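This report concerns only the one structure given below.
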Amino acid sequence: MIDYDRKNWIAAVRSVRGTAVRHAMGRILGMTAYAFVLQVIFETATDHRDKRVTKIFTALEPSDLAILGTFLGFLLVFRMNASNNRFWEGRSAWGQIINASRNLVRVGVAHTDNGRRLADLVSGYVISLRRSLQGNFDMQETDDFLSPDLARRAELFGNPPTAVAYAISEWIATEHRRGTLDPPLVRHMEDQLSTMVDAQGACEKIRKTPLPFVYVVMIKQLILVYLIALPFTLANHCGWWAPIMMAMASLSVFGIEEASVEIEDPFGTEDNCLDMAAYTLTIARDTGQMAAHKHSSKLVVEAEG
């Protein structure tokens, strides 16, 4: 995710990184060249008074094409809203994971002497979840938090984060059997873990359920039809400005559609996707600091005793 100054209007306008222009530039240039060729044909036919050719360019009025343009605009807005809802749903799910992780480790650290292990398990869980949402079902990056045996077991699962979540439940059950956690605390910690797993399911639902193909294809087809027909109305009314107007129209429709495609999957690695690496770092930092604080506080108490 790109961190930018919301008040710096000029910097945002000048930016190329993170915009849809990079992905749509080929199509925009192609449509602009197409409009230029048609304009050359129209101007040549006009100079030679070839009414058979010029009639093709004057048969379609801008008001006729405006109907298709209006319908296409509604579809693009709906497409953008659908993608934006998926983006914010993904961000909300990660917000739940962050909060539940803090609550889970906070209780575990405060009421047991094995909070460091729980903090490591939670950190390993969120790292494996981030990697699985990005299509990596290995246990890389978890070496500092998970034991080699648990990492091997998790890789055998079809869903590695599920294996780590089960290990967290085992930790809770073990501490309960030791008598360090009473039933209300066990229930509370399992509720927090369930919140994390529910949020994981919400993220997986977004990743594995794209927008219906028939709807996406219809928008692409209507964009193509609209842009193919547009130069025939611009040639007579705009003259040599037609290619420039075509470039602006192509940037608008291709840009909106490309931006919708990019944020439809908020867990990818594009510039505008969620910064899940920062989220996992936040969880690892906060949970690790709680465990370290418990350890340092215990040393101070022992020294004073």
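Just a few scattered comments:
- Residue in the stretch 206-224 that is under 23 Å from Ala277 (Cβ atoms) and buried (at least 16 other Cβ atoms within 10 Å of the Cβ) present: yes
- Residues of the stretch 146-182 that are in contact with a helix residue (DSSP H, G or I) (Cβ under 9 Å, 6 or more places away or on another chain), outside any loop (DSSP other than H, G, I, E, B), surrounded by fewer than 17 Cβ atoms within 10 Å (Cβ to Cβ) and modelled with pLDDT under 95: Glu155, Leu156.
- Breaking point among (1) assigned to a helix (DSSP H, G or I); (2) farther than 30 Å from Arg131 by Cβ; (3) of a type outside the set (Gly, Ala, Ser), for Arg49: (1)
- Number of residues in the stretch 265-278 that are surrounded by 20 or more Cβ atoms within 10 Å (Cβ to Cβ) and either among the acidic types (Asp, Glu) or free of Cβ contacts under 8 Å to residues at least 40 places away in the same chain (or both) equals 1.
- Applying the criterion of being β-branched (Val, Ile, Thr) and within 37 Å of the chain's Cα centre (by Cα) to the residues of the stretch 25-38, the residue that is farthest from Ile228 (Cα to Cα) is Ile28.
- Leu211 being in a helix (DSSP H, G or I) and either under 17 Å from the mean Cα position of the chain (by Cα) or at pLDDT 95 or above (or both): no
- Residue match in the stretch 3-19 (condition: out of contact with any Cys (no Cβ under 9 Å at 6 or more places or on another chain), among the hydrophobic types (A, V, I, L, M, F, W, C) and in contact (Cβ under 8 Å) with a residue 24 or more places away in the chain): no
- Residue match in the stretch 72-79 (condition: over 23 Å from the mean Cα position of the chain (by Cα), of a type outside the set (Gly, Ala, Ser) and surrounded by 13 or more Cβ atoms within 10 Å (Cβ to Cβ)): yes
- The C-beta contact set for the stretch 39-60 (first residue more than 23 Å from Val225 (Cα to Cα), second residue part of a loop (DSSP other than H, G, I, E, B), distance under 9 angstrom, 6+ apart or interchain) comprises Thr44/Asp50.
- Number of the exception - Met139 against (1) in contact (Cβ under 8 Å) with a residue 60 or more places away in the chain; (2) part of a loop (DSSP other than H, G, I, E, B); (3) of a type in the set (A, V, I, L, M, F, W, C): (1)
The values are calculated or read from the model by the stated rules, or taken from the named source; none is laboratory data. The structure presented is a predicted model; accordingly, all values stated were derived computationally and were not measured. Quick reminder, even Gly has a Cβ in these numbers, built from the backbone with ideal geometry, and neighbours come from all protein chains shown.
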